[in-house]
There are 2 protein chains.
Amino acid sequence: MLVKLDKQAGVRAPLRSTGSIGTDIRALRRSRNWTLNDLAARLDRSVGWLSQVERGQSEPALADIRTVAALFDLPVSFFFSQSPDTPEAAYVVRSESRRAMSDEGKGLVESLLSPDLGGAFEIVHSVFAAGARCPQPFVRLTEEAGYVIEGSLTLIIDGENFVLKRGDSFRFAGETVSWVNEGEVPAVLIWVIAPPVY
Amino acid sequence: MLVKLDKQAGVRAPLRSTGSIGTDIRALRRSRNWTLNDLAARLDRSVGWLSQVERGQSEPALADIRTVAALFDLPVSFFFSQSPDTPEAAYVVRSESRRAMSDEGKGLVESLLSPDLGGAFEIVHSVFAAGARCPQPFVRLTEEAGYVIEGSLTLIIDGENFVLKRGDSFRFAGETVSWVNEGEVPAVLIWVIAPPVY
DNA sequence: TGAATGAAAAAATGTTTGATTTTTTCATTT
DNA sequence: AAATGAAAAAATCAAACATTTTTTCATTCA
């Protein structure tokens, strides 16, 4: 039974997922505020088809999945890293079965800590390699907060440097942000973003 | 300068705080969807006065603060655990200067990981004492997620038991939830709640 | 002297309605 | 079975108006 949460409380509707590719695509599309038409155009497919795909009534071709992955800057593997088919999968993500959201090699490995995309916020496990540096500062229309589990990370918020160590936390919203790991070991953080950007 | 974030993106307005008691009270009141009138009535004070207090134009009496603390089930100390007056305080919370949101002794110590109350979600550091047990299951109109940093915690979601270990994470929304720490050591978690309940 | 009030003004929020956009459905084609 | 295109259904949006909530401020209270 699905509990009806009232809108006013700010809880987004579609949380319970089927864990299908279509559900992922829908969440990704929504995170960018795109309509079916917006995404269908980019895939060079019809709106009706996309609607069917998102609801699991039709299977996208591999080529389509590749395009979607590219559009959202995700590894294709993301769409196939299915959570094990246990009853707990709706609620729990085991440390060994997180879905990777970025490829190794960029100095930052992000993986999803929630059972699926969607919801009011995104909670991500991020590992910043020693010496890694944000390619360029970014600004997002989001509220973001984080907590340092291991190692140390320098955050640059609106030009000010903050060296965060284990146990430190932060929050910002709307500022220009960048980061560097100036330590000798990887920095491990929990990072929360609302609303979701992936 | 305060960046204007657009509503559509779902970012709540009043983030930057003055760090005053009034700001805390306003955030707490809002988290329960109470109007000035609702809270003023409970404090047996006028609406105008409360408006002034929340905006720092008037000082509440100690008795008022005690009542507020009781209403929101917070220790009075919460309102006086000011973050150090450094420029970073707007963005960063150091591990040694978190604001405690619950008194020791209940088996659960929660402390705030964001620089102030308010915002789209709440991020909390929670330590569940070994053997501690949730006094009774709860249901909230929120979306909640968490990550186990240390130790182990059993979550009971809609009657199903999930034993979470270090590195595991979870998310739920609308379910009936309870918890026990059946381990021998404290369980340390990061817990995210949207929208804020404190 | 600053806390506190009450009432008027201002601001914010909610509601309705009709129009528009977005999504779903489905018969048909590839 | 994938994919389309068009009709139906559902959801979203904008404007106008009503209502609620918040702020302001002159005044009283202790």
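A few remarks follow.
- Net length gained if the chain between A:E182 and A:A70 were fully extended (0.36 nm per residue, minus Cα distance): 37.3 nm
- One Cα centroid belongs to region B:119-156, the other to region B:73-105; the line between them spans 19 Å.
- Using a 7 Å Cα-to-Cβ projection, B:E96 label spacings across copies, nm, ascending: 3.9
- Acute angle (nearest 10 degrees) that the helix B:21-31 long axis makes with the longest principal axis of chain B, alpha-carbon atoms: 60 degrees
- Estimated FRET transfer efficiency (B:R133, B:N33; beta-carbon r; R0 30 Å; 0.05): 0.50
- Rotationally averaged projected area of the protein assembly as shown (alpha carbon convex hull; nm²): 20.3 nm²
- A simple spin-label model places pseudo-atoms 7 Å from Cα toward Cβ; at B:L141 and B:D85 they are separated by 4.0 nm.
- Placing a label point 7 Å from Cα along the Cα-to-Cβ direction at B:P84 gives distances to the equivalent points in the other copies of 4.5 nm, listed shortest first.
- Shortest-first distances to equivalent copies, position B:E59, nm, label 7 Å out along Cβ: 7.2
- Here r is the Cβ-Cβ distance between A:A61 and B:I156 and R0 is 41 Å; the resulting FRET efficiency, rounded to 0.05, is 0.45.
- Taking amide H as placed 1.01 Å from N in the peptide plane, A:L108 has its amide H under 5 Å from the amide H of A:A129, each at least 5 places away in sequence or on another chain.
- Which of B:D44, B:D73 is most accessible, then next, and so on - probe 1.4 Å: B:D44, B:D73
- Gain in span if fully extended, B:E96 to B:W191, counting 0.36 nm per residue against the direct Cα distance: 32.4 nm
- Taking the helices alone, chain A has a mean residue ellipticity at 222 nm of -5500 deg cm²/dmol, built from -39,500 (n - 2.57) per DSSP H run of at least 4 residues and averaged over all its residues.
- Looking at the protein assembly as shown, the accessible area is 47 square angstrom per residue; that uses a 1.4 Å probe and ignores ligands, DNA and RNA.
- The mean number of Cβ atoms from other chains found within 10 Å of a Cβ in peptide B:163-169 is 6, as a whole number.
- The alpha carbon gyration tensor of chain B gives principal lengths a ≥ b ≥ c with a/c of 1.5 or higher and a/b greater than b/c, which makes the shape prolate.
- Karplus-derived 3J(HN,Hα), 6.51/-1.76/1.60, for each residue of region A:182-190, Hz, glycine and proline x: 8, x, 9, 10, x, 9, 10, 10, 9
- Rg [Å, one decimal], Dmax [Å, integer] - region A:87-198, C-alpha atoms: 13.9, 46
- ³J(HN,Hα) computed for each position of region B:157-172 - Karplus, 6.51 cos²θ - 1.76 cosθ + 1.60, integer Hz, glycine/proline x: 10, 6, x, 9, 8, 10, 8, 9, 10, 3, x, 7, 9, 8, 7, 8
- Area accessible to solvent at A:Y91, 1.4 Å probe radius, in Å²: 20 Å²
- Tilt relative to chain B, helix B:62-71 - C-alpha long axis, 0 to 90 degrees, to 10: 40 degrees
- When the accessible areas of B alone and A alone are added and the area of the pair subtracted, with a 1.4 Å probe, the result is around 4500 Å², both sides summed.
The values are calculated or read from the model by the stated rules, or taken from the named source; none is laboratory data. Values in this document were obtained by computation on a predicted structure and should not be read as measured data. A quick note on method: Cβ atoms are made from the backbone with ideal geometry, for glycine too, and the neighbour counts reach across all protein chains shown. Keep in mind that these areas ignore ligands, DNA and RNA; they rest on the heavy atoms of the full protein, side chains included. Shrake-Rupley method; radii C 1.70, N 1.55, O 1.52, S 1.80 Å.
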